[in-house]
Amino acid sequence: MTRSLSSALVALAAAAAALMSPALTRAADSISGAGSSAAAPVYKIWAAEYARGQGAAVLAYEPIGSGAGMAKINKREVDFGASDVIANAADLKKNDLVMFPTVITGVVPVVNLAHVGPNALRLTGDVLARIYLGQIAQWDAPEIAALNPGLKLPAHPIRVVARADGSGTTYHFSDYLSRVSPAWKEKYGVASHFDWVPGTLAVKGSGEVSKTVRATPDSIGYIDYNYTVDDDLAAISMKNADGQFVTAGVDGFREAAMHSPWYATGDFSAELNALPGSKTWPITMGTYIAVPRVSAQSERTERALRFITWAYLHGDALARQAKFVPLPEKVQASAYREIAKVSSSSGELLGAKLMGNLVN
């Protein structure tokens, strides 16, 4: 960029605000999106506020999981796909997409144990991996008891809950476990979907994970942070890379981002797991939106981009209200550059029209 970041963002705000004036926004037009169940709460709160300015509902969003959402945008069945995993360059080129982040959140292990409240149980990444590998099967196992002196642990089998669908939450959960557990890395590695060990309660979607953990005594699951708060789940305290036991929350997600290329350079492709920082939550992730790079339905794509741009400019407080971390300024600038690449099939630069005076 040929001028300061702050001045570019001011110019972007002015251009985007003009494009989002009532004269250019039609209340009857809707936007369709599908994918990440982790991101669904922030898209819902953004859409509700955005709709107030238009006098009508504008977003129909299906929280069907990251994999299913990307399948829909690849087939152009929705205006945008939402995923907690950024596609690699080859896949973006193959499907002719651009992709950029919206907010930052975290993955949180949760339990349903009698007499064990939120953040009372402590685990390390290695012990968590061994539970999901089936190597630690009892709550009173020595490995768990050693981390929780004075905590009354039941002499009961651990009921493991996991995602059955292609899930960005699973991807980041497994990426974290691969960084802290050689055994996990060797057997499973990093993926959005697994054939879990026999006896695992595998369910589709974050909502079903929450429901299953709440309904299953002696269970453990992993879920996106906002669900732990909204559904009153008992989160686990995790040992981070600095050796501190920390609790999940927006401060920990923010500190993870600050120790990453996201904050330093605006590179939003980097993972946010197992990073340093005394308060850093060890399983932190971004969530993303994908749109066609060249759109055959330019009006629909432009409406989706207008909504997303509005959220960047006006949605930070709402994101915090929904328990997400807004993007660092450098990441938002990188996202604007991706949006500026979007065009119509006739060659009209849809993204650049929204971006106004953005350079490069």
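Condition (residue is of a type in the set (D, E, K, R) and either surrounded by fewer than 24 Cβ atoms within 10 Å (Cβ to Cβ) or in a loop (DSSP other than H, G, I, E, B) (or both)) applied to region 198-205: is it met by at least one residue?
We begin by selecting, within region 198-205, every residue of a type in the set (D, E, K, R); these are 204.
Right, trim to either surrounded by fewer than 24 Cβ atoms within 10 Å (Cβ to Cβ) or in a loop (DSSP other than H, G, I, E, B) (or both) and you get 204.
Scanning region 198-205, I find at least one residue that is of a type in the set (D, E, K, R) and either surrounded by fewer than 24 Cβ atoms within 10 Å (Cβ to Cβ) or in a loop (DSSP other than H, G, I, E, B) (or both), so the answer is yes.
From the list 268, 307, pick out the single residue that is touching a strand residue (DSSP E or B) at 6+ places or on another chain (Cβ under 7 Å), open to solvent by 10 Å² or more (accessible area, probe 1.4 Å), farther than 20 Å from residue 248 by Cα and of a type outside the set (Lys, Arg).
268
If we keep just the residues of region 58-78 that are open to solvent by less than 10 Å² (accessible area, probe 1.4 Å) and over 27 Å from residue 250 (Cα atoms), which is modelled with the lowest pLDDT?
58
What are the residues in region 127-168 that are at pLDDT 95 or above, part of a helix (DSSP H, G or I) and under 25 Å from the mean Cα position of the chain (by Cα), if any?
127, 128, 129, 130, 131, 132
Of all the residues that make up region 56-72, how many are outside any loop (DSSP other than H, G, I, E, B), touching a residue at least 24 places away in the same chain (Cβ under 8 Å) and within 21 Å of residue 164 (Cα to Cα)?
Going residue by residue through region 56-72, those that are outside any loop (DSSP other than H, G, I, E, B) are 59-62, 66-72.
With touching a residue at least 24 places away in the same chain (Cβ under 8 Å) added as a condition, the list becomes 59-62, 66-70, 72.
Those still in the list that are within 21 Å of residue 164 (Cα to Cα) too: 61-62, 66-70, 72.
Counting residues in region 56-72 that are outside any loop (DSSP other than H, G, I, E, B), touching a residue at least 24 places away in the same chain (Cβ under 8 Å) and within 21 Å of residue 164 (Cα to Cα) gives 8.
Every residue in region 163-190 that is among the hydrophobic types (A, V, I, L, M, F, W, C), surrounded by 15 or more Cβ atoms within 10 Å (Cβ to Cβ) and in contact with a helix residue (DSSP H, G or I) (Cβ under 7 Å, 6 or more places away or on another chain), please.
Let us first name the residues in region 163-190 that are among the hydrophobic types (A, V, I, L, M, F, W, C), namely 164, 173, 177, 180, 183-184, 190.
From what is left, the residues that are surrounded by 15 or more Cβ atoms within 10 Å (Cβ to Cβ) are 164, 173, 177, 180, 184, 190.
Those that are among the hydrophobic types (A, V, I, L, M, F, W, C), surrounded by 15 or more Cβ atoms within 10 Å (Cβ to Cβ) and in contact with a helix residue (DSSP H, G or I) (Cβ under 7 Å, 6 or more places away or on another chain): 177, 180, 184, 190.
Given (1) of a type outside the set (Phe, Trp, Tyr); (2) free of Cβ contacts under 8 Å to residues at least 40 places away in the same chain; (3) closer than 30 Å to residue 251 by Cβ, identify the lone condition not met by residue 340.
(3)
State whether the residues of region 214-223 include one that is open to solvent by 10 Å² or more (accessible area, probe 1.4 Å), assigned to a helix (DSSP H, G or I), at pLDDT 95 or above and over 25 Å from residue 31 (Cβ atoms).
Within region 214-223, the subset open to solvent by 10 Å² or more (accessible area, probe 1.4 Å) is 214-218.
If we keep only those that are assigned to a helix (DSSP H, G or I) as well, we get 214-215.
From the residues that got through so far, the ones that are at pLDDT 95 or above too are 214-215.
The next check asks that each one be over 25 Å from residue 31 (Cβ atoms); those that pass are 214-215.
Checking region 214-223: at least one residue is open to solvent by 10 Å² or more (accessible area, probe 1.4 Å), assigned to a helix (DSSP H, G or I), at pLDDT 95 or above and over 25 Å from residue 31 (Cβ atoms).
Name the residue, out of 317, 296, that is farther than 23 Å from residue 29 by Cβ, open to solvent by 50 Å² or more (accessible area, probe 1.4 Å) and not polar (S, T, N, Q). Spell out how you get there, then give the answer.
On the way: 296 fails: farther than 23 Å from residue 29 by Cβ.
Criteria check complete, one pass: 317.
Restricting attention to region 324-334, does a residue exist that is over 24 Å from residue 33 (Cβ atoms), assigned to a helix (DSSP H, G or I) and either open to solvent by 10 Å² or more (accessible area, probe 1.4 Å) or in contact with a Pro (Cβ under 7 Å, 6 or more places away or on another chain) (or both)?
Keep residues of region 324-334 that are over 24 Å from residue 33 (Cβ atoms), which gives 329-330.
Keeping just the survivors that are assigned to a helix (DSSP H, G or I) gives 329-330.
From what is left, the residues that are either open to solvent by 10 Å² or more (accessible area, probe 1.4 Å) or in contact with a Pro (Cβ under 7 Å, 6 or more places away or on another chain) (or both) are 329-330.
Yes, there is a match, as at least one residue in region 324-334 is over 24 Å from residue 33 (Cβ atoms), assigned to a helix (DSSP H, G or I) and either open to solvent by 10 Å² or more (accessible area, probe 1.4 Å) or in contact with a Pro (Cβ under 7 Å, 6 or more places away or on another chain) (or both).
Taking the conditions exactly as written (in contact with a Ser or Thr (Cβ under 6 Å, 6 or more places away or on another chain), touching a residue at least 60 places away in the same chain (Cβ under 8 Å) and surrounded by fewer than 17 Cβ atoms within 10 Å (Cβ to Cβ)), does residue 245 satisfy them or not?
On the way: in contact with a Ser or Thr (Cβ under 6 Å, 6 or more places away or on another chain): yes; touching a residue at least 60 places away in the same chain (Cβ under 8 Å): yes; surrounded by fewer than 17 Cβ atoms within 10 Å (Cβ to Cβ): yes.
When the stated conditions are applied, residue 245 passes them.
Can you pull out the residues in region 267-311 that are farther than 20 Å from residue 173 by Cα, under 17 Å from the mean Cα position of the chain (by Cα) and either free of Cβ contacts under 8 Å to residues at least 40 places away in the same chain or not in a strand (DSSP E or B) (or both)?
Selection gives 267, 308, 311.
Residue by residue through region 177-198, note down the ones that are basic (Lys, Arg) and in contact (Cβ under 8 Å) with a residue 40 or more places away in the chain. Break it down stepwise before answering.
Within region 177-198, the subset basic (Lys, Arg) is 179, 185, 187.
Selection gives 179, 187.
On the given criteria, is residue 106 in contact with a His (Cβ under 6 Å, 6 or more places away or on another chain) and within 30 Å of residue 340 (Cβ to Cβ)? Outline the logic, then answer.
Numbers: in contact with a His (Cβ under 6 Å, 6 or more places away or on another chain): no; within 30 Å of residue 340 (Cβ to Cβ): yes.
No.
The values are calculated or read from the model by the stated rules, or taken from the named source; none is laboratory data. This is a predicted model, so every value here is computed, not measured. Glycine also receives a Cβ, built like all others from the backbone with ideal geometry; neighbour counts cover every protein chain displayed. For the accessible areas, the whole protein counts, side chains as well, though only heavy atoms, and no ligand, DNA or RNA atoms are used. Shrake-Rupley method; radii C 1.70, N 1.55, O 1.52, S 1.80 Å.
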